[in-house]
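Trainee: Below you will find the structure I want to go over with you.
The values are calculated or read from the model by the stated rules, or taken from the named source; none is laboratory data. Just so you know, these numbers come straight off a predicted model, no measurement behind them. Cβ placement follows ideal geometry from the backbone for every residue including glycine, while neighbour counts extend to all protein chains displayed. When the accessible area is computed, the model is the full protein with side chains, heavy atoms only, and any ligands, DNA or RNA have been set aside. Shrake-Rupley method; radii C 1.70, N 1.55, O 1.52, S 1.80 Å.
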Amino acid sequence: MLTIQITLPWGRYHAHPWGQNPGRVAEAEWPPSPWRLLRSLAAAYFRANPGQPASNELRGLLETLARELPHIGVGKVAFAKTVHYQPNFNHSSSDAELAIYGKTRHENLFAATAEPFRFRWQNTILTDEQQKLLGSLLEKVTYFGRADSICEATLVNGDLSNNKIGWCEPCLAADNQTPQKRI
């Protein structure tokens with residue numbers, strides 16, 4: 001069984017659900033979407049190989065991981081936000097001296113968790129080369145979601161029994177075509 005663990009040293013996961021306007025979202029994406037993991041692996045590859053196209057090895061690894069939706073192991077989570085105001089000047093007048101001082105409100109939504117989360121593939125088997133590439137890429141993953149979600153990504157071996165972790169299993173939507181997460 002292939003398992004990747006993401007540890008958040010700061011205990012915060014910053015990400016809004018994909019395809020939604022972050023200004024209109026009420027909470028962070030939870031559990032984390034598996035595509036974020038693939039995206040992080042690709043980003044780690046391109047950071048390590050600037051200006052190079054994707055290698056056949058990278059493509060093969062990402063395609064292998066994408067063939068099966070992983071189970072996602074998560075611990076207790078709380079949703080929170082910080083609010084800050086960005087100063088700006090509303091230049092509604094042509095005369096800068098008459099400009100009205102304004103401020104723009106920003107909400108930073110995040111999921112707070114002390115437990116690492118995991119992606120576990122039940123049936124995916126990697127070749128030795130893919131496993132080596134995956135290990136090297138995981139060492140280079142520095143954030144997950146937004147850049148302020150600092151993380152450590154590792155390959156997990158051995159027993160994963162942990163009473164603090166609950167597993168989300170993938171299931172299909174009513175049309176039997178669209179994968180959905182079930183908690």
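Trainee: Set Lys and Arg Cβ to +1 and Asp and Glu Cβ to -1, take the dipole of segment 104-155 about its Cα centre, and tell me which of Ala147, Leu126, Asn108 lies farthest positive.
Mentor: Result: Asn108.
Trainee: Heavy atoms only, 1.4 Å probe, whole protein assembly: order Tyr13, Tyr45, Tyr143 by accessible area, highest first. Don't skip to the answer; put the middle values down first.
Mentor: Numbers: Tyr13 0, Tyr45 25, Tyr143 80 Å².
Accessible-area ranking of Tyr13, Tyr45, Tyr143, largest first: Tyr143, Tyr45, Tyr13.
Trainee: Would you list which lysines come within 21 Å of Lys164, measuring only between C-alpha atoms, while excluding same-chain residues fewer than 8 positions from it?
Mentor: Lys76, Lys181
Trainee: Using a simple spin-label model with points 7 Å from Cα along the Cα→Cβ vector, what separation in nm is obtained for Thr7 and Val25?
Mentor: Between Thr7 and Val25, the simple spin-label model gives 2.6 nm.
Trainee: What does the extension gain come out to for Tyr143 and Arg59, with contour length at 0.36 nm per residue minus their alpha carbon separation?
Mentor: On the way: separation 84, 0.36 × 84 = 30.24 nm, distance 2.10 nm.
Working it through step by step, the gained length comes to 28.1 nm.
Trainee: Given the whole protein assembly as supplied and a 1.4 Å probe, what does the accessible area of Phe144 come to in Å², nearest 10?
Mentor: For Phe144, solvent-accessible area is about 0 Å².
Trainee: What full-extension length gain, to one decimal in nm, is calculated for Thr127 and Asn49 as 0.36 nm per residue of separation minus the Cα-Cα distance? Don't jump to the answer; show the numbers that get you there.
Mentor: Values: separation 78, 0.36 × 78 = 28.08 nm, distance 2.19 nm.
The Thr127-Asn49 span can extend by a further 25.9 nm.
Trainee: Roughly how many Å is it from the Cα centre of segment 36-52 to that of segment 108-128, as a whole number?
Mentor: One Cα centre to the other: 18 Å.
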